[in-house]
Amino acid sequence: MRLSSAGQIVLCAFVPLYGTFVALDPARPPIPPLVPVAVTIAFGVLALAALAAVVPAAARAARLDALTLAFLAPGTASLISSLTGFDPPVGVGLSILVLGLGAAGLALARDADAPTTRACLQAFLWSGLAASLLALVLLLSHWPVALYAYDNGRAVGTFLNPNELAGYTLIGLGVALPLALVGRNRLAAVTAAVLLVTLGATFSRWGALSAVCGVAAYALASRARLLLAAAVVAALAGIGLDALAGAQHHNPRDTESRAVAWRTGLTTFERFPLLGVGPLAFPKTYDALRPPEAPGPRTPVAFDPHSLPIAFAADGGILAVGTLTFSLTMILRRVFREARAAKRVPRALALGLAAGLIALVIDCGINTISIFFALSLQVVPLALAVVRNDAI
């Protein structure tokens, strides 16, 4: 197996482990990390090695075209904002990671062969199944107790918070459901069932609504009227279930804190509209720009604006918002266009991933998840790979 293919497979399996890097943050939440620091460092070295292995393939896949720009623009914009921001070392490090993920996604979308594409799909499904089962086991066992209490009895597993796990399941379902229902794949069927249970166990109200929106997007793209009707019924049922059970797993103060984070993020964008304050530099300016009645700088609300578009506006300004909009639009348009001429199963998977990305973007409207780039730039390109090489 080529080294670049091995790197692609590792990256597709690695997504659930990004949250474990919080163990290296001295300002992490007051709960014990699931993974020891030494193991976390080993994970980090493995991820960097996988990215490095993909670089030659990415260089071969690069062209002077819109698709290359779509994958590399987010990391480039992040790098520019980092150099002028309030925390250049951290921002530059994040920007290099985003650039690496974009380059890996470009190589996967444009040049990956059929065996590599199939192996990436298998790796993503197996890791998603394992991560979801672990999250459910930890939830049912109430272990660690501090983690269970901190997240109000919501599934989280190796992720940073329940909303991040919910966002991950949206892309996971975009892969698993089409392969299960159209491709008759047993692993995908089991993974889809577990992911659905996991999404419910996160008690993420906006995540569930985003999932319904994703189903509706898939139904519209595939012209499945019955599926669209089912999405509407599921939305109504979800609203009823949330009224009965969902509210018991949410701290009412979370809504107030999120509103404060949004307000502070918009104020930050107003003060630094062009390039923002720099990636992950929001905490550096939070205390100076927050409303007087807002929580202090050592509270979770001070970490980020808790909304992906507002986070991009605050951290990267107009440059970041523009590049994000361009990249997502370009990738989605390419997936929908290529899916029209694809065979039945690749077409279903491509539309499923496109719908999953739409659901993820909707979910991130009021949430910020650290694995957004890994999902959008590294996993979604599998859609372009399967319709190009008919890997399934």
Would you check if T264 is touching a helix residue (DSSP H, G or I) at 6+ places or on another chain (Cβ under 8 Å), surrounded by 16 or more Cβ atoms within 10 Å (Cβ to Cβ) and over 24 Å from A70 (Cα atoms)?
yes
Could you list, in sequence order, all residues of the stretch 177-205 that are part of a helix (DSSP H, G or I) and of a type in the set (K, R)?
R186, R205
Here are some conditions: (1) under 22 Å from L227 (Cα atoms); (2) of a type in the set (A, V, I, L, M); (3) out of contact with any Pro (no Cβ under 9 Å at 6 or more places or on another chain). L351 meets all but one. Which one does it not meet?
(3)
What are the pairs with Cβ atoms under 8 angstrom where one residue, in the stretch 101-113, is more than 7 Å from A61 (Cβ to Cβ) and in contact (Cβ under 8 Å) with a residue 60 or more places away in the chain and the other, located anywhere, is surrounded by fewer than 24 Cβ atoms within 10 Å (Cβ to Cβ) and charged (D, E, K, R)? Sequence gap at least six, or different chains.
A109/R388
Can you confirm whether T117 is of a type in the set (S, T, N, Q), part of a helix (DSSP H, G or I) and either surrounded by fewer than 17 Cβ atoms within 10 Å (Cβ to Cβ) or modelled with pLDDT under 95 (or both)?
no
Taking Y148, is it without any contact (Cβ under 8 Å) to a residue 12 or more places away in the chain and among the aromatic types (F, W, Y)?
yes
Which of the residues that make up the stretch 140-194 are under 30 Å from R344 (Cβ atoms) and more than 23 Å from the chain's Cα centre (by Cα)?
L181, V182, G183, R184, N185, R186
Would you please name the residue that is modelled with the lowest pLDDT, looking only at residues in the stretch 14-38 that are among the small types (G, A, S) and surrounded by fewer than 21 Cβ atoms within 10 Å (Cβ to Cβ)?
A27
Run T40 past the list (1) under 18 Å from A104 (Cα atoms); (2) in contact with a Phe, Trp or Tyr (Cβ under 9 Å, 6 or more places away or on another chain); (3) β-branched (V, I, T) and report the number of the one that doesn't hold.
(1)
For residues that are buried (at least 21 other Cβ atoms within 10 Å of the Cβ) and touching a Ser or Thr at 6+ places or on another chain (Cβ under 7 Å), scanning just the stretch 72-93, find the one that is farthest from A314 (Cα to Cα).
A73
Filter the stretch 270-284 for residues that are in contact with a helix residue (DSSP H, G or I) (Cβ under 8 Å, 6 or more places away or on another chain), surrounded by fewer than 22 Cβ atoms within 10 Å (Cβ to Cβ) and assigned to a helix (DSSP H, G or I); which is modelled with the highest pLDDT?
R271
Name the pairs whose Cβ atoms lie under 9 Å apart, with the first residue in the stretch 212-226 and within 18 Å of R337 (Cα to Cα), the second outside any helix (DSSP H, G or I), and 6 or more positions between them or separate chains?
Y218/A224
Looking at G128, G102, can you tell me which residue is over 30 Å from A314 (Cβ atoms), assigned to a helix (DSSP H, G or I) and not hydrophobic (A, V, I, L, M, F, W, C)?
G128
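Do any helices (runs of 4 or more DSSP H) entirely within the stretch 288-391 hold 1 or more residues that are aliphatic (A, V, I, L, M) and either surrounded by fewer than 20 Cβ atoms within 10 Å (Cβ to Cβ) or at pLDDT below 95 (or both), and if so, which? Can you show your working first?
Working: elements: 308-340, 344-363, 382-389.
So the answer is 308-340, 344-363.
The values are calculated or read from the model by the stated rules, or taken from the named source; none is laboratory data. Just so we're clear, the structure is a prediction, and the values are computed from it rather than from any experiment. Every residue, glycine as well, gets a Cβ built from its backbone with ideal geometry; the counts of neighbours run over all protein chains shown.
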